[in-house]
Amino acid sequence: MKKTCAMFGGVESLNEYYGSSNGQIGQDFSIPEIQMSLISGKEANSIKKNSEIQMEKPKNTTEEKFVEKDKWGKDIEFLLLSALSVGLGNVWRFPFTVLENGGGAFVFPYIIVLLLVGKPLYYMELLLGQFSSRGCIKVYDMAPAMRGIGIGQVISTCFVTTYYASLMGLTIRYFLASFNDPLPWSQCKDEWNVSCIDSSLKSINFSDERPKSSAELYFIKDILKETSTIDDGIGYPNWQLVLCLIFAWICIGGILIKGVKSSGKASYFLSIFPYVVMIILLIRSATLEGAIDGMIYFIKPQWNKIFEAQVWYAAVTQVFYSLAVCFGSIIMYSSYNRFDQNIYKDVNIIMLLDTGTSLLSGFIIFGILGHLAHIMKVDDIQKVTKSNIALAFMAYPETIAKIDFIPQFFSMLFFIMLFVLGIGSNIGMTSCVITVIKDKFPNIKNWKLVLSIALVGIAIGSIYTTPGGQFLINFLDFYGASFVALILAIIELLTVRWIYGVDRLCDDIEFMLKRKTSTYWRICWKYITPTMMIAIFLYFVWTWKSITYQGYEYHPNMHALGWCISCFCLIQVPIWAIYAVIKQEEKTWSKKIINAFKPNSNWGPNDAVKSKLHQKDEKLWK
């Protein structure tokens, strides 16, 4: 009978061993008879006694792994917070990615990638975190030489966190503007001096240019005060947006300051409220004239674009964003689970929520675009507006402006929803960073850590409030996030596939969840998922095109800076691999290298009894 060395160890403490079974700290862990048969009664009692001693030892001893870790108050809190993978990536990023890649031409590859890449990756990361109760860096003790994967992912997460918070600042700015009557983006302004269509559908023509909606012009000219180029610099921060950014970080810090439990309690509201608002917007969007044409464009595949590498690359990176895989937050969240929590059920629920939310937001946005195309009398949806990362701040307000009954109320409701989604996404990413730091410095006060991260986030985020801020977000979105995430995800998969082993992973699942792993998961982890990702990456590199923003081509020096950012994230892998080899106690370099790619001796469940059981299992297959 082949069993596994402890890969993703769950972290139930001795306090949980002797407690009650309500899903909280103190949960009873009854050891299955099949596992207890591996050790004698005396040895089991000895494990318990030794573990009590280990819990009292200083944290710098080798038994540090048995130090008690916080747990979710209830299992549902993990599910709700994981559902925050359903966040800005779905409502904000998904629609403009679809528009940028040909509507239905993108949706079809996206669904394929979601099933064959996103779902296997998500389940794998849930298993890694729950089994080991380690953060996204220490989890790679299954192969210490690969710790650089987690470090690179955390650095990338830091980049994303800074500009996600700035997007939250924009939602606050819109929320405050929602108190005006009429809504400020519902009517054209003479000072804009461009062709414009306001909410009353009256076109004000100042030129022969393509007319733009008042919502789009309000965002570009009044909110962002955006320039057409950053060749002369990005400008100075907008003090109104900076204040909104500060408020956003106050909210993030307020939720995180008490640790994981406080974010778990907030999950009930953060996860459920957005759907109520989105359903209201969907109903209004669907009733607009021409909306059906836009929705058909959204779901109708354009087969000639299916074979474009850019479309598949965009599908992979969108899956990473919408599910938050390969950024460390999923591993972090699941590390607070009970050891035997049924994450197999959770992953299927989250996949349905993620796909449903993306499609829901897509129908809302493309219903609006179809309506605008009808008004502007254009045949191509892509001619209605330029596809960029600010599409959500143009299309959603356009719908709200067309609501006849108290549009101010619905506007406030929508931007509260968008803010809530942003809070959820930022909590996940910031918690990931906090967990990594606290794993290294467990004695640091949580409030000091949260305050420090918030101050750094405000300082960096202020850059994105400048007139050239959106240029920088688009730039960093590629070089600091999507491109890096794809490469690190490939390395992560190969680590599990070739170094740790899919068979060991499946044995760990059986040890933890008492269930066999289906052929679907095994084939995806072994062959389909890594092959697809490598193929998409190579094809994308082969057909490489430099990124642009609304037709603006970045200066070569900007691209050089971008590659430096990407390299800084990716170089962590070889640097920490070399460090892990050097730290090995073996005398010969060959043995040092071999040991660096083997699990640490303390790799496994972060509970003394379960760890001992796992060590016994390990002896069976060795």
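If you look at just the Cα atoms of the stretch 295-391, how large are its Rg and its Dmax in Å?
Both quantities, over Cα of the stretch 295-391: 17.8, 58 Å.
Rounded, prolate or oblate: which one fits the stretch 431-486, using the alpha carbon gyration tensor with axes a ≥ b ≥ c (rounded when a/c is under 1.5, else prolate when a/b beats b/c, else oblate)? The partial results should precede the final answer.
On the way: a/c = 5.42, a/b = 1.64, b/c = 3.30.
Oblate, since a/c reaches 1.5 and b/c is not below a/b.
Quick one: which of 430-436, 184-190 comes out on top by average Cβ neighbours within 10 Å, and what's the full order, highest first?
Numbers: 430-436: 24.0, 184-190: 19.4.
Highest mean packing first, the order is 430-436, 184-190.
What does the highest-first list of 120-132, 227-239, 140-152 look like by mean Cβ count within 10 Å?
Details: 120-132: 26.6, 227-239: 14.0, 140-152: 25.1.
Ranked by mean Cβ neighbours within 10 Å, highest first: 120-132, 140-152, 227-239.
Over every pair of different alpha-carbon atoms in the stretch 494-622, take the mean of 1/r and invert it; report that Kirkwood radius in Å. Walk me through the numbers on the way to the answer.
Values: mean 1/r = 0.0529 Å⁻¹.
Here the Kirkwood hydrodynamic radius works out to 18.9 Å.
If you stretched the chain out fully between Leu561 and Lys440, how much longer would it get, using 0.36 nm times the residue separation minus the C-alpha to C-alpha distance?
Working: separation 121, 0.36 × 121 = 43.56 nm, distance 2.98 nm.
In short, 40.6 nm is gained.
Using Stokes-Einstein with the Kirkwood hydrodynamic radius over Cα pairs, what translational diffusion coefficient do you get for the stretch 470-544 at 37 °C and a viscosity of 0.692 mPa s, in µm²/s rounded to a whole number? Write out the running numbers ahead of the final one.
Numbers: Rh = 14.2 Å.
My calculation gives 231 µm²/s for D.
Which net charge results when you count Lys and Arg as +1 and Asp and Glu as -1 among the other residues whose beta-carbon is under 14 Å from that of Glu585?
Numbers: positive: Lys583, Lys587, Lys591, Lys592, Lys598; negative: Glu586.
Net charge around Glu585: +4.
Give, in nm to one decimal, the length gained when the segment between Lys448 and Ser228 is fully stretched (0.36 nm per residue of separation minus the Cα-Cα distance).
Extending this stretch completely gives an extra 75.2 nm.
Do any chymotrypsin sites (Phe, Trp or Tyr not before Pro) in the stretch 466-570 lie in a loop, going by DSSP, with at most 14 other beta-carbon atoms within 10 Å of their beta carbon, and if so which?
Working: sites: Phe471, Phe475, Phe478, Tyr479, Phe483, Trp498, Tyr500, Phe511, Tyr520, Trp521, Trp525, Tyr527, Phe537, Tyr539, Phe540, Trp542, Trp544, Tyr549, Tyr552, Tyr554, Trp563, Phe568; in loops: Trp544, Tyr554.
Passing sites in the stretch 466-570 are Trp544.
Taking the Cβ-Cβ separation of Val456 and Phe179 as r and a Förster radius of 30 Å, what is the calculated FRET efficiency to the nearest 0.05?
Working: r = 32 Å, r/R0 = 1.06.
Efficiency, from the Cβ-Cβ distance: 0.40.
Is the shape of the stretch 407-558 rounded, prolate or oblate, going by the alpha carbon gyration tensor and its root eigenvalues a ≥ b ≥ c, with a/c under 1.5 for rounded and a/b larger than b/c for prolate? Write down the numbers at each step before the final one.
Numbers: a/c = 1.86, a/b = 1.30, b/c = 1.43.
Note, shape of the stretch 407-558 comes out oblate.
DSSP loop chymotrypsin sites (Phe, Trp or Tyr not before Pro) in the stretch 303-352 with at most 12 other Cβ atoms within 10 Å of their Cβ, which ones?
Values: sites: Trp303, Phe307, Trp312, Tyr313, Phe320, Tyr321, Phe327, Tyr333, Tyr336, Phe339, Tyr344; in loops: Phe307, Phe327, Tyr336, Phe339.
When the chymotrypsin sites (Phe, Trp or Tyr not before Pro) of the stretch 303-352 are filtered for loop state and at most 12 Cβ neighbours within 10 Å, Phe307 remain.
Taking the Cα centre of the stretch 494-538 as origin, sum charge times position over the Cβ atoms of Lys and Arg (+1) and Asp and Glu (-1), and report the length of that vector in debye to the nearest 20.
100 debye
Working from the alpha-carbon coordinates of the stretch 409-463, get Rg over Rh, Rh being the Kirkwood radius.
In the stretch 409-463, Rg relative to Rh is 1.12.
For the stretch 268-314, with every protein chain kept in place, what is the accessible area per residue (1.4 Å probe, Å²)? Let's see the in-between values first.
Numbers: 2580 Å² over 47 residues.
Per-residue accessible area for the stretch 268-314 comes out at 55 Å².
Residue by residue through the stretch 371-378, which ³J(HN,Hα) values in whole Hz follow from phi under the Karplus form 6.51 cos²θ - 1.76 cosθ + 1.60 (θ = phi - 60°), with glycine and proline marked x?
5, 5, 5, 5, 5, 7, 6, 10
The values are calculated or read from the model by the stated rules, or taken from the named source; none is laboratory data. All of these numbers come straight from a predicted model, not from anything done at the bench. With ideal geometry, Cβ positions are generated from the backbone for all residues, glycine too; neighbour counts draw on all protein chains shown. These accessible areas exclude ligands, DNA and RNA; they are computed on the full protein's heavy atoms, side chains included. Shrake-Rupley method; radii C 1.70, N 1.55, O 1.52, S 1.80 Å.
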